[in-house]
Structures are given as structure tokens and as C-alpha cells.
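**Q** This is the structure I want to talk about, given as C-alpha cells.
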Amino acid sequence: MDYFRVLVVDDEEDFLDTLVKRLNKRMVDTTGARSGEEALALMHEKLFDVVILDIKMPGGIDGIEALREMKKVQPLAEVILLTGHASVETSIEGMKLGAFDYVLKPIKLEDLLEKLAQAFEKKDSHDRKIRSARIKELIRFPGRVLDLTKEEE
């Protein structure tokens with residue numbers, strides 16, 4: 001598995017701390033957040049490849065609203081929804097909003113690592129396609145300096 005950046009968002013402190021430690025031990029650059037608001041603030045500071053997002057979180061914004069906002073901040077980040085409640089409707093809503101997949105708590109670490117690998121591969125594939133399109137654009141306009149961070153006029 002390649003080295004990639006993961007954000008875990010869960011309000012259950014023991015679960016969050018344990019998962020972050022176990023993933024970091026396996027050379028997965030993992031950051032934890034205890035709320036949707038904290039996760040969104042982190043996403044404004046650092047790019048993540050995959051987010052593991054608890055659906056049911058008390059307070060501010062729940063997982064579905066956090067997912068909606070995350071896709072605005074980092075549209076290419078893949079999101080795996082995590083729930084201790086087998087809510088099919090909520091999971092389907094999350095998939096419609098762009099979640100990669102969902103898993104039920106408790107989950108075996110090996111199973112979660114497999115989902116993470118699949119999500120990362122999808123994200124990496126999207127990144128390669130974007131880089132390829134940018135290279136083709138540079139070839140089409142030789143000698144022209146392009147600022148690919150801005151929209152063309």
C-alpha cells in the first residue's frame with residue numbers, strides 16, 4: 001500500500017485515538033478529528049486522500065452534512081462513511097453525495113485497510129488523469145506559460 005494521508009473523524013475519543021495510532025503504526029499518515037467542524041478546519045489546512053467519517057456525531061454538524069461540505073473543500077478526497085447504526089437510508093444518501101463506500105462498526109482493521117487501499121487507488125487514478133490532462137494542455141500550447149490554478153478567460 002502506498003503512503004497516503006487519511007483523516008479519521010469520530011466523536012468517540014477512545015475509538016478515534018486507537019484507530020489513528022493503529023493506522024500510523026502501519027505507515028499511513030493519519031490525523032484525527034473529533035467533530036465535523038474540526039475536520040473541515042483541518043481540510044482547509046492540509047490535503048487528504050481519504051476521509052473515514054462517522055455518520056452519527058452529536059452537536060454541530062453530522063457526518064452527512066460534513067460530507068457535503070468536505071466535497072466542496074476537497075472534491076477529490078474519497079470518503080468512507082463509518083457508522084455504528086445500520087442506517088441504509090443515511091448510507092445511500094452519503095453515497096449519492098459522493099462517498100466512496102460505507103462500513104459498519106465494529107470493523108476489523110484488515111478490512112478497513114483494504115477499503116482504504118481501494119479508496120486511495122480511486123483517488124490516485126483521478127489525480128493521474130488530471131495530471132495527464134494538464135500535460136496535454138501544455139503540449140497543445142508550447143511556449144505559453146499557463147497558470148493551472150486559475151480558470152482560463
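The values are calculated or read from the model by the stated rules, or taken from the named source; none is laboratory data. Because the structure is a prediction, the values reported are computed rather than measured. Using ideal geometry, Cβ is built from the backbone for each residue, glycine included, and neighbour counts are taken over all protein chains shown.
**Q** Residue check: is Arg68 farther than 19 Å from Lys115 by Cα and either among the charged types (D, E, K, R) or within 12 Å of the chain's Cα centre (by Cα) (or both)?
**A** Yes, satisfied.
**Q** Evaluate the stretch 119-128: report whether one residue or more is of a type in the set (A, V, I, L, M, F, W, C), surrounded by 14 or more Cβ atoms within 10 Å (Cβ to Cβ) and either free of Cβ contacts under 8 Å to residues at least 24 places away in the same chain or under 17 Å from Phe15 (Cβ atoms) (or both).
**A** Within the stretch 119-128, the subset of a type in the set (A, V, I, L, M, F, W, C) is 119-120.
Those left that are additionally surrounded by 14 or more Cβ atoms within 10 Å (Cβ to Cβ): 119-120.
If we keep only those that are either free of Cβ contacts under 8 Å to residues at least 24 places away in the same chain or under 17 Å from Phe15 (Cβ atoms) (or both) as well, we get none.
There is no residue in the stretch 119-128 that is of a type in the set (A, V, I, L, M, F, W, C), surrounded by 14 or more Cβ atoms within 10 Å (Cβ to Cβ) and either free of Cβ contacts under 8 Å to residues at least 24 places away in the same chain or under 17 Å from Phe15 (Cβ atoms) (or both).
**Q** Checking the conditions here, which among Arg22, Arg5 is basic (Lys, Arg), surrounded by 14 or more Cβ atoms within 10 Å (Cβ to Cβ), farther than 24 Å from Ile92 by Cβ and in contact with a strand residue (DSSP E or B) (Cβ under 8 Å, 6 or more places away or on another chain)?
**A** Arg5
**Q** Condition first: surrounded by 23 or more Cβ atoms within 10 Å (Cβ to Cβ) and within 21 Å of Glu121 (Cβ to Cβ). Now tell me which residues in the stretch 31-52 satisfy that.
**A** Listed by number, the residues that qualify are Phe48, Asp49, Val50, Val51, Ile52.
**Q** Scan the stretch 92-113 for residues that are more than 18 Å from Val6 (Cβ to Cβ) and hydrophobic (A, V, I, L, M, F, W, C) and jot them down.
**A** From the stretch 92-113, those more than 18 Å from Val6 (Cβ to Cβ) are 92-93, 95-97, 104, 106; that's our starting set.
Within the stretch 92-113, Ile92, Met95, Leu97, Leu104 qualify.
**Q** Out of Leu42, Leu76, report the one residue that is aliphatic (A, V, I, L, M), under 23 Å from Leu109 (Cβ atoms) and either modelled with pLDDT of 95 or more or within 12 Å of the chain's Cα centre (by Cα) (or both).
**A** The conditions single out Leu42.
**Q** Might you check whether a residue that is at pLDDT 90 or above and surrounded by fewer than 16 Cβ atoms within 10 Å (Cβ to Cβ) occurs anywhere in the stretch 53-60?
**A** no
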